[in-house]
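To keep things clear, I will list the structure first and then write my remarks on it.
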Amino acid sequence: MDLNFTPEEIAFRDEARHFFRTAIPQSIRDKVAEGEGLTRDDMINAQRILNAKGWCTVNWPVEWGGKDWTSVQVYLYQDEMQQANCPTPIAFNVSMVGPVIAQFGSQEIKQRFLPATANADIFWCQGFSEPGSGSDLASLRTKAEKKGDKYIVNGQKIWTTLAQYADWIFCLVRTDPTAKAQEGISFLLIDMKTPGITVRPIITIDGGREVNEVFFDNVEVPAENLVGQENKGWDYAKFLLGNERTGIARVGASKAKIARIKELAALEFAGERPLIESSRFQEKLAAVEVELKALEMTQLRVVSDERKLAKGRQNPASSILKLKGSVIQQQLTELLMEVVGPYVMPYQRDFEGNNEPIIGPDYASEAAPMYFNYRKVSIYGGSNEIQRNIIAKAILGL
Amino acid sequence: MDFDLSEDQRLLKDSVDRLVADQYQFEQRKKYMREPAGYSAAMWDQITEMGLLGLPFEETLGGFGGGPVETAIVMDAFGRGLVLEPYFATVVLGGGLLRRAASASVLGALAPKVASGKLKLAFGHVERHSRYNLADVSTTARKDSGNYVLDGAKSVVIHGDTADKIFITARLSGERRARNGVGLFLIDPATAGVTRRGYPTQDGQRAAEITLTNARVSAGDLISDNALPIIEHVIDEAIAALCAEAVGAMQSMQDLTLEYLKTRKQFGRAIGSFQVLQHRSVDMLVAVEQARSMALFAAVMAGEENPIERRKAISAAKVQIGRSARHVGQEAIQLHGGIGMTNEYAVGHYFKRVTMIDQLYGDADTHLSYLAAQGGLFGKVA
Ligand SMILES: Cc1cc2nc3c(=O)[nH]c(=O)nc-3n(C[C@H](O)[C@H](O)[C@H](O)COP(=O)(O)OP(=O)(O)OC[C@H]3O[C@@H](n4cnc5c(N)ncnc54)[C@H](O)[C@@H]3O)c2cc1C
Ligand SMILES: Cc1cc2nc3c(=O)[nH]c(=O)nc-3n(C[C@H](O)[C@H](O)[C@H](O)COP(=O)(O)OP(=O)(O)OC[C@H]3O[C@@H](n4cnc5c(N)ncnc54)[C@H](O)[C@@H]3O)c2cc1C
């Protein structure tokens, strides 16, 4: 056991630090720091910069642009990227559909999609959840009927993040209505421009537009867009969700938030002294820092264990990361609101776009929306209750 | 000890409960919000006709002499409806300041106007670095040939955008945070040198930024020249009122969540059949009931004349309400899953309102610090 980095690892960290802070435009990193929404172009630009360096799809197989990095390198890469407030590569592309295609897709489908997915030439969205199938995902009803060399897709997806930006959607669809729920599901890739697809926005409580309903009305999908085998989609989905959870800990992003909270708490006054000097505030922040350090160590342990697991198997401990990581991210948004104080009140996100000066300090306007918005992180990607169910079953054997 | 409402209080409760149940359904509220003022003019008239605007004033002034308990009855109902009209700003803040600070002649002239819906009020006290300290006043009032000249800025003035007159604090003398020398003015926002910029708040209500640049007001606009103790009392009453409103909002979140647990099905059964969610909603109930108890305590103690005892009680209530509301709000969203995150559904709006209430006049932790510094609530056992 040795918690020190080797000289090579330190050199790697320094390279990563330098790269993320110089190659990704400051304007994009400022938006991430302030919690402002990124445009589609911001996301694509940032991803292409990473991809050009070969640092976008590090979790993919080497032959498809992955890196044979050590777990420490992967950790340092993520940590430095998040601490520098770089946008994470589009999760739907890089942590979700890419690895599934690379693992389970045919050679043709890999060639067709993986390079474009890595370079964000295709912007993906995730069509899993349905109105009647959230936690109970396997009950999904959107059906795909095979007719000749096509599937005819009918049904509805919901909570589809950034469907308004997406070129393609990867969907779980029911291909065998007679089989047991988990055994009649397939993993299908659908071009969003196909006739019969309608996207309807859902505005979230923070006033943002990030989720949508997606309707499928007799949508014709070439059969070659099926990933892997028909009716094996559930296995692929489980593989994908496990990957999603590791990414969701976001330790580096939380470190960046803590740094920002400290910086801003020095500017705000509680009585005659800056808030950062209030012992109550210091202790609350320090308590979260302890939790975050513990999570960081846990993540390192999970990542290093995962290297030893057979390919494609998930470590159920990744649920611990999702559980703790989501709660810490949420707590930090509470602390940021506390820093801002009365100036959290003005609602300053408008869709018309006016040029009036911001009310209060310029960091105030996103504090409350971020707090509201971050309630999602304990809901999506398998709610925290579902994560507990997984841990109870898979780790505790209950 | 008697927790029962009087006959009059029960009548009041029935009528405000009915108003909210009949006219403040979530879909109706959306419409009210889209009106130019950000609330419903017709609803304001109706609130006026019900006599609610005269609540704190004596009958001779067009009111019905209600106290903090009556206010709590109204605010609890308004919390369930997420009422948008400027009742709190006009009656609880404005009415409270008039009643406690104004001379008999000013009160006699203005209270009937408030009671008849013709005079909407607001109170501006937040400044850039004042946070929750009411004594922290940098805005200045300078005497000039029988007038006062005001300079400074006030932030997040609740319903300041539609108020006909606005109370503001301005320093007549003393250092920035001195307790002495805080003047309370009642100004006309049309005065030269006064600007206001209205905007929506996170919870769908309205507020304004007010700037005062060489704004000349008459000596008669100075309502009180050493106003801090009075303002603190009015704010304590206002906190008690907000506690009641928050309890109403929490109750609605509890009701909506319970209903959802019974109807939403996953894994072939109502999600309310999962024991873990049953326990979570039991904990929500406990939090709501603890908050309700402390809101009651606050209402009873809001009239206490000993400022230390009053403030300790109010702070204790604000702590409980803040913590309960955060718990209930977060859990309400969580137990709804994705639907809880949408603006089209009511629960998120209650969550946003209670979140804003927590940070009005001091968040839970600020009040906890104050209470701890005062030695807590309980002394040695006698
Ligand atoms: C902002 C946001 C973005 C999203 N993005 C996407 C996306 O891009 N693509 C996509 O496919 N989906 C997406 N989702 C959907 C997300 O995965 C679902 O919301 C989630 O799976 C929960 O499903 P549900 O909302 O239907 O809640 P439900 O499953 O109805 O759950 C309601 C409540 O019941 C609890 N519960 C349910 N079952 C159990 C049980 N067995 N034991 C204990 N508690 C239980 C839940 O934890 C929750 O608290 C997104 C959601 C949000 C909020
Ligand atoms: C100090 C002490 C004094 C006592 N005095 C008396 C006495 O004077 N007379 C007397 O008759 N008994 C007495 N008891 C016994 C006491 O009432 C039992 O311990 C209690 O009812 C729990 O039963 P158990 O110990 O068998 O635990 P179990 O019933 O086996 O419970 C074990 C755990 O499982 C949980 N659990 C059980 N069922 C459920 C469920 N359906 N849902 C969720 N969780 C569940 C429990 O909450 C507990 O955490 C005493 C116990 C103690 C510790």
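Miscellaneous remarks
- If you check A:VAL199, A:VAL211, A:VAL153 for being among the β-branched types (Val, Ile, Thr), within 14 Å of another protein chain (Cβ to nearest Cβ), touching a residue at least 12 places away in the same chain (Cβ under 8 Å) and surrounded by 15 or more Cβ atoms within 10 Å (Cβ to Cβ), only one passes: A:VAL211.
- Whichever residue in region A:369-398 is in contact (Cβ under 8 Å) with a residue 12 or more places away in the chain and β-branched (Val, Ile, Thr) and, among such residues, is farthest from A:GLU130 (Cα to Cα): A:ILE395
- Condition check for A:LYS238: surrounded by fewer than 18 Cβ atoms within 10 Å (Cβ to Cβ) and closer than 30 Å to B:ARG177 by Cα: no
- Test: residue in region A:109-126 that is away from ligand 1 (no atom under 16 Å from the Cβ), surrounded by 17 or more Cβ atoms within 10 Å (Cβ to Cβ), aromatic (Phe, Trp, Tyr) and farther than 20 Å from A:ASN231 by Cα: yes
Matching residues to (1) within 16 Å of ligand 1 (Cβ to nearest atom); (2) in contact with an Asp or Glu (Cβ under 9 Å, 6 or more places away or on another chain); (3) β-branched (Val, Ile, Thr); (4) assigned to a helix (DSSP H, G or I):
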position: B:VAL234; (1), (2), (3), (4): no, no, yes, yes
position: B:ASP255; (1), (2), (3), (4): no, no, no, yes
position: B:TYR260; (1), (2), (3), (4): yes, no, no, yes
position: B:LEU296; (1), (2), (3), (4): no, no, no, yes
position: B:ALA313; (1), (2), (3), (4): no, yes, no, yes
position: B:ALA316; (1), (2), (3), (4): no, no, no, yes
position: B:VAL319; (1), (2), (3), (4): no, yes, yes, yes
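- Enumeration of residues in region A:273-286 that are more than 7 Å from chain B (Cβ to nearest Cβ) and without any contact (Cβ under 8 Å) to a residue 24 or more places away in the chain: A:ARG273, A:PRO274, A:ILE276, A:GLU277, A:SER278, A:SER279, A:GLN282, A:GLU283, A:ALA286
- Beta carbons closer than 8 Å, at least 6 apart along the sequence or on distinct chains, pair a first residue in region A:156-170 that is away from chain B (no Cβ under 14 Å) and more than 10 Å from ligand 1 (Cβ to nearest atom) with a second that is aliphatic (A, V, I, L, M) and assigned to a strand (DSSP E or B) for A:GLN164/A:VAL199; A:TRP168/A:LEU189; A:TRP168/A:ILE190.
Each row is one residue, and each column tells you yes or no for (1) acidic (Asp, Glu); (2) assigned by TED's automatic domain parsing to the domain that holds A:ALA265; (3) at pLDDT below 90.
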{"position": "A:GLU334", "(1), (2), (3)": "yes, yes, no"}
{"position": "A:GLY341", "(1), (2), (3)": "no, yes, no"}
{"position": "A:VAL344", "(1), (2), (3)": "no, yes, no"}
{"position": "A:GLU356", "(1), (2), (3)": "yes, yes, yes"}
{"position": "A:TYR363", "(1), (2), (3)": "no, yes, no"}
{"position": "A:ALA367", "(1), (2), (3)": "no, yes, no"}
{"position": "A:TYR374", "(1), (2), (3)": "no, yes, no"}
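- Identity of the residue in region B:274-290, in a helix (DSSP H, G or I) and within 13 Å of chain A (Cβ to nearest Cβ), that ends up nearest to the chain's Cα centre (by Cα): B:SER281
- Where a residue in region B:263-279 is in contact (Cβ under 8 Å) with a residue 40 or more places away in the chain and within 10 Å of ligand 1 (Cβ to nearest atom) and its partner, wherever it lies, is assigned to a helix (DSSP H, G or I) and of a type in the set (Asp, Glu), with Cβ under 8 Å and at least six apart: B:LEU277/A:GLU385
- Filter result for the condition that a residue is over 20 Å from B:HIS336 (Cα atoms), buried (at least 24 other Cβ atoms within 10 Å of the Cβ) and in contact with a strand residue (DSSP E or B) (Cβ under 6 Å, 6 or more places away or on another chain), over B:ILE210, B:ILE223: B:ILE210
- Flag if A:LYS193 is outside any strand (DSSP E or B), charged (D, E, K, R) and closer than 15 Å to A:PRO222 by Cβ: yes
- Test: residue in region A:360-371 that is away from ligand 1 (no atom under 16 Å from the Cβ), among the aromatic types (Phe, Trp, Tyr) and out of contact with any strand residue (DSSP E or B) (no Cβ under 7 Å at 6 or more places or on another chain): yes
- If you go through region A:118-150 and pick out every residue that is within 14 Å of chain B (Cβ to nearest Cβ) and on the phi > 0 side of the Ramachandran plot, you end up with 0.
- Any hit, region B:181-198, residues being within 14 Å of chain A (Cβ to nearest Cβ) and closer than 30 Å to B:THR342 by Cβ: yes
- Index of the failed condition, A:ASP206 passing every other in (1) within 13 Å of ligand 1 (Cβ to nearest atom); (2) over 19 Å from the mean Cα position of the chain (by Cα): (2)
The values are calculated or read from the model by the stated rules, or taken from the named source; none is laboratory data. Just so we're clear, the structure is a prediction, and the values are computed from it rather than from any experiment. So basically every Cβ, Gly included, is an ideal-geometry build from the backbone, and we count neighbours across all protein chains shown.
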